[in-house]
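So the structure is just underneath, and the comments pick up after that.
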Amino acid sequence: MRTFKTWLLSCASVAIMASSAAWAGEAKVEVLDKSFDVAGGMLAYTEFELSGEPLAEGLGLDLDVLDPNAVNQPTAFDYTAGIESYEYSEEAMYAVNYQSKMGPHIVNGPLNASRGGTLESLGKRVMELTAAVGFSAEELPLNFYPVSFPYSRGMPTFAGKVDTSEVGKDELKLVDAAGKETTVSTSIPAYFRDYASLGWTEDGMSKTFTPAAAGAEMLKDVMWAQDFLGGMHVKESDEEVEAENSTMDQDGKHALGVSAADGVNGVLLTEITWDKLLTLRNQMVYDGKTLGGKLTSSYDPKKGALWFPAAVKVTEAEKNGVKAIGKLEVIDGSSTLRNTWMMLWPLAEVYAYSDQRAENKGQNKAFMAVFDGAPFAAAPAANRNVDLSDDVAADDVFSVVSLLTNAQFKNLDALHFNAKEGTFVDRWDGKSAGTTVTTYDAAYTLAALQIFQRSQDALPVGYASADAGEPLGTARAKRAVELIRAQSNFILAKLVGKDGLVADSYEIGKGASASRSLATQFATIRGLSAAFKATGDEKYRVAARKLYLAIEAKMFDKAIGTFADQPGKPTIHTPWTAAAISAGLREALQTLRNQEGEKEPLLDLANLTGRYEHWFRTVINGGAQMSEWLGDSGENIVAGDTTGDTDKDGVPQITKAGVAQVMAAQVKVSAGK
């Protein structure tokens, strides 16, 4: 389909030379459940994305020196973050969005219905999108299958034999970890250009919609859409340029997207997101009895709550020869904290990406060009201001996401926040809130609220979610900060034990649990770091640093060279664990590491990069990531190779593994091979 990035190796490199040898350990990673959990998996891949190029670049790496075919260059950490973490994230998104068939096809979604509802009307729209970014529609892969709304879980085993017939050849220069260069002949397989044989088996496909799965996929899509469409390019040379104004794509010389290939994926992902937003608004709003509730900009949950139910069973229909939504049945009508924060975060990202408020003076001009009417509809004039009271009903991206974001934030506050205790609780059953606090979700709610606060105040999100700016000072953003402070203070007062670790849960009226998991600890670091950024209060950074030191003292297992729930015993890792560890280590590297006057050895940059690299290679490459795509992550089909792992990272090609390029739902990590 594409070679999105072709990096040229040069002599420059980041000044981080830590070697993983200092943390060497032998670990066995056993896959216990190879299904793909869309909610946890896509959250993990979002954290992998942020812990990829943005992290490496923030630590000083010139990204132009990265080459997927030059293993461990310029350093092992740079390659792990900038290539493997980053590209696994992107490749998994395409596996689910374009290849898996794990949900209704966008041809049968609300957007295409408004244009005719046929394959021909979708084809016309795709031609409009490709033209906007200067990409030839003929170069799109055959039989790509854009999923409008994902099912919650699927088995990523291919439904039939993958077409590996050779359709082209290339020559590449490979550089191994020792720096040895080899020129090899590589093959381009048919499945690279035609996705017909990449659909997943129907067996084990959970045909259920959940807000967490829909939100996690939307988060993945909007993060990459912002990356792909954050600039423009010269049509003739495909050279990336900064958008000088929002009409630059209309001059005949420039087009949307940082390149034509990246741009086409950016607009496709935006189209999928728009379709998903309309489906959420039109079909998934629940009043406790039936779906299809009507939200307005004046929505007040105290006058009658409307929310997204925890699980909706789908009876499939078929239309246009592909999957469509048939009957919908609510099988769990509660509102959960996990579903709420996992929907609020992506909605806030989409809000900021499509923001057309006149008060937002710092909006990226390239984003303004995306939503100026072509290729995506502009918001009505009444909706382009901070005040929601005068908003009118409309179907454009910004109007719909503004409506949904407002409702989701109000529900988080009204349905899940216990004001007396100062904490978010797990469940609201339609009548009353529960009493259980799951620390992982309370901590990640802080991260979601920080992005929401920034989006409302017109501050950068996406890769720039820590950048400074002049906030608008909206009432919604101020309330978000109040909630962040309250929840963070609850964590510090009620959840941190004498051992310095954080309890997995808390029962109001009874107290904290005795269990402490890796996922909870690193999620809490993620949340406290977000609180520090949102409030500027140093006590949250200090607390996060102390927590990291407690993890090092209590949860680092020398036998495997990385972290464990209980050193010396096997640890079960899920995508939720992977998400938290990737995020927590990134925050340690970006926010918690030693600054001037701080001399803690374990929070030294060299130690942290080593911890990140060895965890990723031990757990993720060791078995959690079940396969990888070709090209951008360093994998190639090389003449004479029989291993199916030409970059020797432990992650096989999809045809060798027999599964798509996604992570397992559950693995067990223990000492020994």
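Run the 1.4 Å probe and let me know the accessible area of residue 569, rounded to the nearest 10 Å².
Near enough 110 Å² of accessible area.
Give me the percent of accessible area attributable to carbon and sulfur for region 98-155, probe 1.4 angstrom.
Carbon-and-sulfur percentage of accessible area, whole number: 57.
Estimate the FRET efficiency between residue 319 and residue 507 by the formula 1/(1 + (r/R0)^6), using the beta-carbon distance for r and 60 Å for R0, to the nearest 0.05.
After rounding to 0.05, the efficiency reads 0.80.
Which pairs in the list 235/648; 180/220; 220/478; 28/169; 161/668; 533/554 are over 32 Å apart, alpha-carbon to alpha-carbon?
Violating the 32 Å limit, Cα to Cα: 235/648; 180/220; 28/169.
Normalise the Cα radius of gyration of region 531-629 by 2.2 N^0.38 Å (N = residues in it) and let me know the number.
Here the answer is 1.14, to two decimals.
Any idea which of 445, 424, 469 is furthest toward the positive side of the dipole for region 421-525, if Lys and Arg beta-carbons carry +1 and Asp and Glu beta-carbons -1?
Checked the options; the winner is 424.
Any chance you could get the radius of gyration and Dmax over the Cα atoms of region 78-127, in Å?
Looking at region 78-127, its Cα Rg and Dmax stand at 15.8, 48 Å.
Could you give the nm distance between label points at residue 188 and residue 26, where each point is 7 Å from its Cα heading toward the beta carbon?
Distance between label points: 4.4 nm.
Farthest toward the dipole's positive end in the chain, which of 345, 620, 177, given Cβ charges of +1 (Lys, Arg) and -1 (Asp, Glu) about the Cα centre?
345
Looking at the chain, what % of its DSSP beta bridges pair antiparallel, to the nearest 5?
Here the antiparallel bridges make up roughly 95 percent for the chain.
How much accessible area per residue does region 194-252 have, counting only protein heavy atoms and a probe of 1.4 Å, in square angstrom?
Averaged over the residues of region 194-252, the accessible area is 38 Å².
Check cross-link reach from residue 327 to the lysines: straight Cα distance under 20 Å, and skip same-chain residues fewer than eight apart.
101, 207, 276, 289, 294, 313, 319
Suppose R0 equals 30 Å; then what is the FRET efficiency for residue 431 and residue 514 from their Cβ-Cβ distance, rounded to the nearest 0.05?
Computed FRET efficiency for residue 431 and residue 514 comes out at 0.45.
With the cut-off at 1.5 for a/c, could you classify the chain from its C-alpha gyration tensor as rounded, prolate or oblate?
rounded
So, in nm, how far is label residue 387 from label residue 283 when the simple model puts each one 7 Å beyond its Cα toward the Cβ?
Here the modelled spin labels are 3.7 nm apart.
Please name whichever of 52, 126, 140 sits farthest to the positive end of the charge dipole of region 48-146, dipole taken about the Cα centre and charges placed at Cβ: Lys and Arg +1, Asp and Glu -1.
126
Which whole number in µm²/s is D for region 280-371 by Stokes-Einstein, with the Kirkwood Rh taken over Cα pairs at 37 °C and 0.692 mPa s? Please list the in-between numbers first.
Numbers: Rh = 15.9 Å.
Stokes-Einstein gives a translational diffusion coefficient of 207 µm²/s.
Among all the lysines, which ones have a C-alpha under 18 Å from residue 494's C-alpha, if same-chain residues fewer than 8 places away are not counted?
Reachable lysines: 420, 510, 539, 546.
Would you list the membrane-span-like helices of the chain, meaning whole DSSP H runs whose alpha-carbon atoms span at least 30 Å along their axis and whose mean Kyte-Doolittle value is at least -1.0?
Values: long enough: 260-283 (34 Å, 0.10).
Membrane-span-like by this rule: 260-283.
If you average the sequence gap of Cα pairs under 8 Å that are 6 or more apart and divide by the length of the chain, what percent do you get for the contact order?
Result for the chain is 19 percent.
Out of the total accessible area of region 475-537 (probe 1.4 Å, heavy atoms of protein only), what percent is carbon and sulfur?
Of all accessible area on region 475-537, carbon and sulfur atoms account for 51 percent.
Okay, helix-only estimate at 222 nm for the chain: each DSSP H run of n ≥ 4 adds -39500 (n - 2.57), divide by all residues, round to 500 deg cm²/dmol; what do you get?
The helix-only estimate for the chain comes to -11000 deg cm²/dmol at 222 nm.
If each of residue 178 and residue 414 carries a label point 7 Å out from its Cα toward its Cβ, how far apart are those two points in nm?
6.7
The values are calculated or read from the model by the stated rules, or taken from the named source; none is laboratory data. Just so we're clear, the structure is a prediction, and the values are computed from it rather than from any experiment. In this analysis, Cβ positions are derived from the backbone assuming ideal geometry, glycine residues included, and neighbour counts consider all displayed protein chains. Note: accessible area is taken over every heavy atom of the protein model, side chains too, but ligands, DNA and RNA are not part of it. Shrake-Rupley method; radii C 1.70, N 1.55, O 1.52, S 1.80 Å.
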